[in-house]
Each structure stands twice: as C-alpha cells, then as structure tokens.
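What follows is one structure encoded as structure tokens, with my remarks underneath.
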Amino acid sequence: MNKSLLTNGLAAAMTAGGLVAHQPLLLSVGLFSLSGAVTNELAVHMLFEKVPGLYGSGVIPARFEDFKAAIRNLMMEQFFTDENIDRFLSSNAGDRALDLSGVIEQIDLGPAFDALVATVAQSSFGGMLAMFGGTEALMPMKEPFEEKMKASLVAISGSEEFHGLLKAELERPDMLKDLKAQVEQIVQSRLNELTPELVKTLVQQMIREHLGWLVVWGGVFGGLIGLVAGLLQA
C-alpha cells in the first residue's frame, strides 16, 4: 500500500468535499491535512532528488563519495585486519577458496547505518525529522539496510578476481602489508563501478517505505491543526 498516495488522496477528498458541501470546517481540515502531507512528501523527495533553487535537496546523491568511503573503511578496518589475515594463514586456508560470508554475517554494520542517519539528521531535513521522533523514526530501516549491505559485501569478497589475487599474494613473505593494499585496491575498484544513481536507488528502496510515515503524520497533524483553526473561526 502506498501510504503517501493514500494520505494525499484522503486529504484531497476532504478538501473537495468541503468545497462542494460548503462546509468550512471540513474544508479547513482538508486543506491543512493536504498541506502537511504534500510538504512532507516533498521533503522525502528532496532527500533523493536535487531540486533547483532549494538548498539542501538531493542530500543522498550529494554524499555519494562519503558513502563509498564508509564501505571501504568498513571492509578494511573491521574484517581485513592483520589479526584476521594471520588467523586465515595459520589455518592453512590458502588452498581453499576464501568464503567471507560467515564473517560478513557476523559483522556489525551499525556504524555504517549510524553514519547514514547522521547524514540525514545533519541535513536541512533534520528539523523536520525532529518533529516526528527524530532519528528514532529511521530505526525501522536499520535491518533492511544491513541485509542489503551484507549482500553487497559478500558479492565483492566472492569475486574470482578477489580470490585469484589472494591466492597469489599468500605465497609472498611480505604478503601481509601488500595483501591489504591490494585488497583495498580491489575493493576501491569495485566501488568505483557504483554510480550515484545506483546508490540513490539502493538507499531509496530501503528507506522510502519507512519515511512514508512522515507523509502520513504530516497529513494527520495538519488535519488536526486545520480542525482547531476551523473551530476557532466558527
């Protein structure tokens, strides 16, 4: 169900009903509700799309490079550590294809999600978000974010290029330092294949459903304000 479309439709219906029936109270509720819903719908849209003349719009694509850097740092600093590589070498795992899916499943992607939440909170939409519970309103999207991010990390670490490079580097005495540099280069090259549009689509799919409640509550609170305004004028 498209919550935004339903909310805007109900608000528009109340507005039209108030006009046709010459009911000022219903018209006031409808107009205020429609105003709140449309405003929040625009705010959600502006997270993903740059709107000419509106400062702060398109914050997700605008932070594209930060998004890629966070993924690279996550991989290199959390599970491609010296300790993890040493453990892998000492277990004689070099003769087998490296499968990091188990490690990735256990990894904590909370910092990556927190960085995304902080980006939204520090944008021009932070004040509006505060009206609907602050960053807590974004918490329902944490699980789908982590699932999709882990799937992407598994795909990167499972590539033939990645496995081939690792097997060759394991035979070198000074391989540890070089291995980390080469792995980081591969990760970076794969991340460079991403485009702002792909990142925008990925994030958009994960959070649009949950941010849709901003539109719903914008319509609800707008309608309540309209009701009060109509009663005061009666």
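The values are calculated or read from the model by the stated rules, or taken from the named source; none is laboratory data. Computed from a predicted model, the values in this text were never measured in an experiment. No Cβ is skipped: glycine too gets one built from the backbone with ideal geometry, and neighbour counts run over all protein chains shown. All accessible areas refer to the heavy atoms of the entire protein, side chains included, with ligands and DNA or RNA removed. Shrake-Rupley method; radii C 1.70, N 1.55, O 1.52, S 1.80 Å.
Taking the range 7-25 as the range and being among the hydrophobic types (A, V, I, L, M, F, W, C) and without any contact (Cβ under 8 Å) to a residue 60 or more places away in the chain as the test, the residues that pass are 12, 13, 16, 19, 20, 21.
Every residue, every condition in (1) at pLDDT 75 or above; (2) closer than 30 Å to residue 42 by Cβ; (3) touching a His at 6+ places or on another chain (Cβ under 8 Å), yes or no:
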{"residue": "66", "(1), (2), (3)": "yes, yes, no"}
{"residue": "76", "(1), (2), (3)": "yes, no, no"}
{"residue": "93", "(1), (2), (3)": "no, no, no"}
{"residue": "97", "(1), (2), (3)": "no, no, yes"}
{"residue": "101", "(1), (2), (3)": "yes, no, no"}
{"residue": "105", "(1), (2), (3)": "yes, no, no"}
{"residue": "116", "(1), (2), (3)": "yes, yes, no"}
{"residue": "122", "(1), (2), (3)": "yes, yes, no"}
{"residue": "126", "(1), (2), (3)": "no, yes, no"}
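If you check residue 83 against the conditions, is it open to solvent by 40 Å² or more (accessible area, probe 1.4 Å) and modelled with pLDDT of 75 or more? No; evaluated as a whole, the condition is false for this residue.
This table checks each residue for (1) of a type outside the set (Lys, Arg); (2) modelled with pLDDT of 80 or more; (3) surrounded by fewer than 21 Cβ atoms within 10 Å (Cβ to Cβ); (4) touching an Asp or Glu at 6+ places or on another chain (Cβ under 9 Å).
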| site | (1), (2), (3), (4) |
| --- | --- |
| 9 | yes, yes, yes, no |
| 20 | yes, yes, yes, no |
| 24 | yes, yes, yes, no |
| 28 | yes, yes, no, no |
| 36 | yes, yes, no, no |
| 40 | yes, no, no, no |
| 51 | yes, no, yes, no |
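Restricting to the range 137-151, name every residue that is in contact with a Leu (Cβ under 8 Å, 6 or more places away or on another chain) and surrounded by fewer than 16 Cβ atoms within 10 Å (Cβ to Cβ). 148, the sole residue that qualifies. Residues of the range 175-193 include at least one that is modelled with pLDDT under 65 and either farther than 14 Å from residue 68 by Cβ or not in a helix (DSSP H, G or I) (or both). Condition test on residue 60, is it open to solvent by less than 30 Å² (accessible area, probe 1.4 Å), within 26 Å of residue 143 (Cα to Cα) and at pLDDT 80 or above? No: the conditions fail for residue 60.
How do the helices (runs of 4 or more DSSP H) wholly within the range 1-66 filter down when requiring 2 or more residues that are touching a Gly at 6+ places or on another chain (Cβ under 6 Å) and hydroxyl-bearing (Ser, Thr, Tyr): which remain? Helices (runs of 4 or more DSSP H) meeting the threshold: 3-21, 24-48.
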